[in-house]
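Every read-out reported here was derived from the displayed coordinates using simple, explicitly stated rules and does not represent laboratory data. In this text the structure is predicted, and so the values were computed from the model without any measurement. Glycine also receives a Cβ, built like all others from the backbone with ideal geometry; neighbour counts cover every protein chain displayed.
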Amino acid sequence: MVNAVVPERREGGGPAVYRAVAAGAFRRYATYRAATAAGTVTNTVFGFILAYTFLALWHARPGLGGYDTAQAVTYIWISQALLVTVAVWGGGFQDDVQERMRTGDIAVDLHRPVDFQGWWLATDLGRAAFHLLARGTLPTLAGALAFDLSLPRSPLVWAAFLLSVLLAVTVSFGLRFLVVLTGFWLHDSEGVRAVAVVVAMFFSGMLLPITLFPGRLGSLAAALPWAALIQIPADILVRHRTGTALATGLAFQLAWAAALFAAGRLALALAVRKVVVQGG
Amino acid sequence: MAEQTLLLPAERPSPWTRLRGAVHAWWLMAGMWTRSSMSYRTSFTLMLAANLATTSLDFAVVVLMFRHTDTLGGWTLPELGFLYGTSAFALGTANLFVGSVDALGTRIRTGTLDTMLVRPAPALAQVCAERFSLRRLGRPVQAAAVLGWSLTTVHVHWTADRILLVPVLLACGSLIFASLFVGGATLQFWWGEAGELQHSLTYGGATVLQYPPTVFAKELVAGTVFGIPLAFVNWLPALHILGRPDPLGLPTAFQYASPVAAVLCVLAAGLLWRAGLRAYQGAGS
């Protein structure tokens, strides 16, 4: 089965297809207006709560972790802006694939003349672009009105930040893709997914910058792929990472994105064999 | 509406009988969902472990913060443990019993709410028990552990009223959060997709209460006393138990007023639910 599909895959699926898929996903998420508004409010509320707790901490320990108070508060607002964009909680294409596994539609997807992994990556990038615009900008604006934020003036920093967010979404996709593929073996990937959320929340720097983690836990967190989700883009935006550190940060993200994408391909190849065995 | 029609031949039951009926319906449905979730045992165990770990993360963050400081907003780690334990316990208990009400918007959209309305059991009890899951025990269990640690570590001169206030605040806090879950979900009758909005009230509220009131702006603290009455969950009674001055300078009576706030919250949530059900048009199926 797989062999029969390969030649078609090579023919179809030019860049135009993926652009159209991503644009379709963007439009799809843009139709959930009330849900987006409600989510934006929730991100803003949490931004306020966490900003106050960070202010209290930095009031007690000015300059903690190498961040000044404005940088620390900005870190919180940016992490709220990125939470849904990089899907720290999971979701996005993951929900769709899980549903299609449940109904069996996944078998159709696997034999489409478009690359399975590339297709879902494109939908996830489209989704992320919408969430960055909708759920990223408004909470950040609210934060900027209420708090003294340290946002960069230089367009170069913003460009580096956007590139870093793109890589963050790709790393997040790679992780969620592996989680969702466990469904081929476990039949119900909810449990694995729940564990993945815990790890992602903690090791992404979402709850607390991992620069504040003690000793070995800190070095471990900095080396794991989840650091690519929140910590690195936020550090770039608040200019905690500049120059060489900025370049190594992006390289770190790129390396994990590539490694996870390759691991996903390998796992997919094994999973497809499993599907064929079951079907036959 | 539908449930009343079905009950017409008999006398209109007393509120007490109706409450017992609701609890009984909830119990039957929760039991059914528990048996069904146990059929995927590996997944259930993983989910329970993940639930325990997720809820522990907030406190892990607090502990990590205290590696860098001795006090936060002037409060010590055991004192924050008390706030964390009480807030998370109340939220977790409310979530265990009525948290499924979250999905009201989905039930309205898919028309499954109509099915519940024609069954001879109170719709609210059914909505709260549908997809009941014991893995939600993770949060109250972990919160109780932190609270237990805090109570043995914190420096408090234990008097009778302070001791009594602890179970009172846990019970009232759970009722207040349960009312917020139901009241917040009811908004989905008018604003179907906005389910996430109520998370600002419930999960957001619980996060606020995990930190001392001195951390936040006075307006926000005043809002939790006179607006959405979160302060009655733990802040106000905690001021008395831990012997802390009130940053708002309210009369002492407020520190004992949690039962009043809880009753008012339950009534308000009940009224909202009835108004929502009356405004509900049905899925037309």
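Return an integer: the convex hull volume of the alpha-carbon atoms of the range B:112-187, in Å³ per residue.
Expressed per residue, the convex hull around the Cα atoms of the range B:112-187 is 122 Å³.
With bins 5 Å wide starting at 0, give me the P(r) of the range B:1-160 over every alpha carbon pair, in whole percents.
2, 8, 13, 15, 14, 12, 10, 9, 8, 5, 3, 1, 0, 0
Hey, could you get me the Stokes-Einstein D for the range B:217-285, Kirkwood radius over alpha-carbon pairs, 4 °C and 1.567 mPa s, rounded to whole µm² s⁻¹?
93
So what's the range A:1-148 giving for Cα Rg divided by 2.2 N^0.38 Å, two decimals?
Against the compact-globule rule of thumb, the ratio is 1.37.
Kindly provide the helix-only [θ] at 222 nm of the protein assembly as shown, computed as the sum of -39,500 (n - 2.57) over DSSP H runs of four or more divided by all residues, to the nearest 500 deg cm²/dmol?
-23000 deg cm²/dmol
Got the relative contact order for the range A:1-139 handy, in percent, Cα pairs under 8 Å and 6 or more residues apart?
For the range A:1-139, the relative contact order is 48 percent.
Order by neighbour count: A:Ile106, A:Ile230, fewest other Cβ atoms within 10 Å first, most last.
Lowest to highest Cβ neighbour count: A:Ile106, A:Ile230.
With all pairs of different alpha carbon atoms counted, what Kirkwood hydrodynamic radius in Å does chain B show?
Taking the inverse mean of 1/r over all distinct Cα pairs, chain B comes out at 20.2 Å.
If each of B:His155 and B:Arg244 carries a label point 7 Å out from its Cα toward its Cβ, how far apart are those two points in nm?
Between B:His155 and B:Arg244, the simple spin-label model gives 1.5 nm.
If the elastic network links every pair of Cα atoms under 10 Å, which of B:Pro13, B:Pro167, B:Pro122 fluctuates the most in the Gaussian network model of chain B?
B:Pro13
Which residues in the range A:134-148 place their backbone N less than 20 Å from a point set 7 Å from the Cα of A:Arg33 along the Cα-to-Cβ direction?
A:134-139
State, in angstrom, two size descriptors of the range A:149-280 derived from its alpha carbons: Rg to one decimal place and Dmax to the nearest whole number.
17.1, 60
For the range B:14-132, calculate the relative contact order in percent as a whole number, restricting contacts to Cα pairs under 8 Å that are 6 or more residues apart.
Relative contact order comes out at 47 percent.
Counting other beta carbons within 10 Å of each residue's own, what order do B:Val266, B:Val225 fall into, fewest first?
In order of increasing Cβ crowding within 10 Å: B:Val266, B:Val225.
Can you give the percent of C-alpha pairs in the protein assembly as shown whose distance is more than 41 Å?
Counting every Cα pair in the protein assembly as shown, those more than 41 Å apart make up 27 percent.
Taking neighbour Cβ counts within 10 Å as the exposure measure, how do B:Ser36, B:Ser87, A:Ser150 sort from fewest upward?
Fewest-to-most Cβ neighbours within 10 Å comes out as B:Ser36, A:Ser150, B:Ser87.
Using a 10 angstrom cutoff on alpha carbons, build the Gaussian network for chain B and name the most mobile of B:His240, B:His24, B:His68.
The residue with the greatest mean-square fluctuation here is B:His68.
Using only the Cα atoms, what convex hull volume per residue in Å³ does the range B:166-285 have?
Enclosed volume per residue, from the Cα hull, is 105 Å³.
Only Cα pairs within less than 10 Å get springs; with that Gaussian network setup on chain A, which residue of A:Ala196, A:Ala72, A:Ala87 has the largest fluctuation?
Highest fluctuation among the options: A:Ala196.
How well do other chains shield peptide A:41-51, expressed as the mean number of their Cβ atoms within 10 Å of each residue Cβ?
If you average over the peptide's residues, the count of other-chain Cβ atoms is 5.
Please tell me the relative contact order of chain B in percent, rounded to the nearest whole number, where contacts are Cα pairs under 8 Å and at least six residues apart.
Relative contact order of chain B: 26 percent.
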